[in-house]
Amino acid sequence: MISENQIVVVGGGIAGLCAAIAARHLGASVHLLDNSPAALRGGNARHARNFRVVHSEPTQFAPDRYQAAEFLAELDSVTGGGSDHTLAERLVAGSETLVPWLMANGVAMQPPSLGVVPYSRRTVFPLGGGKAMINALYRTAAALGIAVSNDANVSALHECTSGWTVEIDAPDGKTSAIEARTVIICAGSPGADPEWLHRHHGAAGDGLVIRGTPYADGRLLEQLFAMGASAVGDPTASHMVAVDARGPRFDGGIVTRITAIPYGMVVDASGARIDAVGAGQEPTHYARWGPRIAACERQTAYLILDADGLQRAAPQAFAPIEAASVSALAATLGLESAALETAVASFNATPPAGARPLTCTPFAAYPMRAGITFVHHGVAVDDRLRVVWTDGRCKDTLFAAGMIMAANVLRRGYLAGLGLTLAAVFGRLAGEEAARHVVR
Ligand SMILES: Cc1cc2nc3c(=O)[nH]c(=O)nc-3n(C[C@H](O)[C@H](O)[C@H](O)COP(=O)(O)OP(=O)(O)OC[C@H]3O[C@@H](n4cnc5c(N)ncnc54)[C@H](O)[C@@H]3O)c2cc1C
């Protein structure tokens, strides 16, 4: 019945939850559909740690100040000015009220004094991490009377006289359909699909790791394009980081990230040193290494450390592979011994600024791959978050929010805490825009 599904939200990550809750607060009846099982609900926010938020004065959760102009300038700088300016301004303005809004909807935030979070004047951390935040928002959704269906994969949308018919596939192969006056698509960034990766990256796509949920597979995005929605961004451009090659292909989360690169040297699968300029000591160096590793043969590289570097680096999720000599390490890794010895000798002769020669035994290695966080590609939206069609028109009944439309403001580059902020702010705005349309 239409009256029971004024708004259908597709995707139960942070964007979908914020959209559903915001729309419900404005009086809409809302049904949220998510294709993951309940135990894995929440999309990639399960792995995430912090939001980037404007605060013109210090707050309990964010020390110092972080002004809107600063946020906008940083966004401009990392994207090379490639953002939709109106959307970027809505994002930054929306970040300022995000923390109180989330708290009013059950999310607890972490004061920096309460535990081990990196000091940051730009970002705030939900207490207990992303999973705790997601659980709190699902509790609020239930209390507000939002219908939630898990294991509900939306496979197609068809326009009908009353709005949209939404087709749903269940894991047992059964299909069903519900009707909605308005749909908000929050199905995440594409890329969590080996076939999609292969199509856009060729054989190199087979060697890429997906750091987040396997359920954001991008198939609904392809459906939108087939229906005539406009694309934005580049499917071959991704935010990637160095991850341990022994981690899972999907959903390894934050812990498989390799953060020890500044303490050693990186070689490729032939044992030759990858001499990377400008990818050294800064805290986010692993994001610079992602694309470099993706460009390597077999999309594999090795971080080589000595005992001193190993001791100075923070522990990693997987134990290092250790050996008494460089040649023994090469043999264990299956690398050409002479090539690795030459690489170590050349590194030791002129170590990069801030690095130490690799001389203390035992030697150690971490095998690495490139792990995708999100793809800079999605569906075009206007400044009200309505999907834009290839003829330039928009419908008042179809919205998109979250990483599926992130490329409208983030054609390239990244800023810490931006993914969650973008998804939550645009989710909330899309929910409000959609509710204004359906609630008279
Ligand atoms: C390992 C990792 C760590 C991160 N850390 C941070 C961080 O610290 N700070 C930060 O700001 N950002 C971080 N991010 C990014 C951040 O998590 C994402 O930007 C954000 O969670 C995206 O939210 P979303 O709702 O747009 O998409 P998603 O989280 O991808 O959610 C999409 C949802 O839609 C569902 N779905 C997909 N297709 C369908 C369909 N056809 N039918 C029904 N449901 C469907 C999926 O199951 C999923 O639940 C991290 C990402 C990863 C992978």
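The values are calculated or read from the model by the stated rules, or taken from the named source; none is laboratory data. The structure displayed is predicted, hence computed values, not measured ones. All Cβ positions, glycine included, derive from the backbone under ideal geometry; neighbour counts span all protein chains shown. Keep in mind that these areas ignore ligands, DNA and RNA; they rest on the heavy atoms of the full protein, side chains included. Shrake-Rupley method; radii C 1.70, N 1.55, O 1.52, S 1.80 Å.
Observations on the model:
- Extreme residue, farthest from Ala39 (Cα to Cα), among residues of the range 140-155 that are open to solvent by less than 30 Å² (accessible area, probe 1.4 Å) and near the ligand (Cβ under 9 Å from one of its atoms): Val154
- Scan the range 99-124 for residues that are at pLDDT 95 or above and either surrounded by fewer than 17 Cβ atoms within 10 Å (Cβ to Cβ) or among the aromatic types (Phe, Trp, Tyr) (or both) and the total you get is 6.
- Search result, residues across the range 71-98 that are open to solvent by 20 Å² or more (accessible area, probe 1.4 Å) and either in a helix (DSSP H, G or I) or within 15 Å of the ligand (Cβ to nearest atom) (or both): Leu72, Ala73, Glu74, Asp76, Ser77, Val78, His85, Thr86, Glu89, Arg90, Ala93, Glu96
- For Ser36, the conditions (1) farther than 19 Å from Pro100 by Cβ; (2) out of contact with any Ser or Thr (no Cβ under 8 Å at 6 or more places or on another chain); (3) buried (at least 20 other Cβ atoms within 10 Å of the Cβ) all hold with the exception of (2).
- For the range 237-256, the set of residues classified as open to solvent by 50 Å² or more (accessible area, probe 1.4 Å) and in contact (Cβ under 8 Å) with a residue 40 or more places away in the chain consists of Arg246, Arg249, Phe250, Ile254, Val255, listed by residue number.
- The sole residue among Ala380, Ala434, Ala423, Ala370 that is crowded, with 21+ Cβ neighbours inside 10 Å and under 30 Å from Asp306 (Cβ atoms) is Ala370.
- Residue that is open to solvent by less than 10 Å² (accessible area, probe 1.4 Å), within 19 Å of the chain's Cα centre (by Cα), more than 16 Å from the ligand (Cβ to nearest atom) and over 26 Å from Ser120 (Cβ atoms), where the choices are Gly205, Gly271: Gly205
- Options Ile178, Ile168: the member that is outside any helix (DSSP H, G or I), more than 12 Å from the ligand (Cβ to nearest atom) and either in contact (Cβ under 8 Å) with a residue 60 or more places away in the chain or open to solvent by less than 30 Å² (accessible area, probe 1.4 Å) (or both): Ile178
- Tallying residues that are in contact with a Leu (Cβ under 7 Å, 6 or more places away or on another chain) and part of a helix (DSSP H, G or I) within the range 313-328 yields 1.
- Note on the range 112-139: among residues that are in contact (Cβ under 8 Å) with a residue 40 or more places away in the chain and among the charged types (D, E, K, R), the one that is farthest from the ligand (Cβ to nearest atom) is Arg121.
- The range 118-142 - residue that is assigned to a helix (DSSP H, G or I) and small (Gly, Ala, Ser) and, of those, farthest from Gly42 (Cα to Cα): Ala142
- Hits in the range 181-200 (condition: within 11 Å of the ligand (Cβ to nearest atom), under 14 Å from Val375 (Cβ atoms) and either touching a residue at least 40 places away in the same chain (Cβ under 8 Å) or not acidic (Asp, Glu) (or both)): Ala187, Gly188, Ser189, Pro190, Gly191, Ala192
- Met368 meets all of the listed conditions (1) away from the ligand (no atom under 16 Å from the Cβ); (2) in contact with an Asp or Glu (Cβ under 8 Å, 6 or more places away or on another chain) but one, namely (1).
- Only one entry of Leu335, Leu358 meets the criterion of being at pLDDT 95 or above, over 30 Å from Asp206 (Cβ atoms) and not charged (D, E, K, R), and that entry is Leu358.
- Of all residues in the range 39-70, those that are open to solvent by 60 Å² or more (accessible area, probe 1.4 Å), more than 14 Å from the ligand (Cβ to nearest atom) and either among the acidic types (Asp, Glu) or at pLDDT 95 or above (or both) total 5.
- Filter result for Leu310 (buried (at least 20 other Cβ atoms within 10 Å of the Cβ), out of contact with any Leu (no Cβ under 9 Å at 6 or more places or on another chain) and not in a loop (DSSP other than H, G, I, E, B)): yes
- Which numbered condition Arg298 fails, given (1) at pLDDT below 95; (2) of a type outside the set (S, T, N, Q); (3) open to solvent by less than 10 Å² (accessible area, probe 1.4 Å): (3)
- Among residues of the range 72-89 that are without any contact (Cβ under 8 Å) to a residue 60 or more places away in the chain, those with a Cβ under 6 angstrom from a residue that is part of a helix (DSSP H, G or I), sequence gap 6+ or separate chain, pair up as Leu72/Val92.
- Residue in the range 359-366 that is touching a His at 6+ places or on another chain (Cβ under 8 Å), at negative phi and either surrounded by fewer than 16 Cβ atoms within 10 Å (Cβ to Cβ) or not assigned by TED's automatic domain parsing to the domain that holds Ala187 (or both) present: no
- Residues that are of a type outside the set (Asp, Glu), part of a helix (DSSP H, G or I), more than 9 Å from the ligand (Cβ to nearest atom) and more than 14 Å from the chain's Cα centre (by Cα), drawn from the range 406-440: Asn408, Val425, Arg428, Leu429, Ala430, Gly431, Ala434, Ala435, Arg436, His437, Val438
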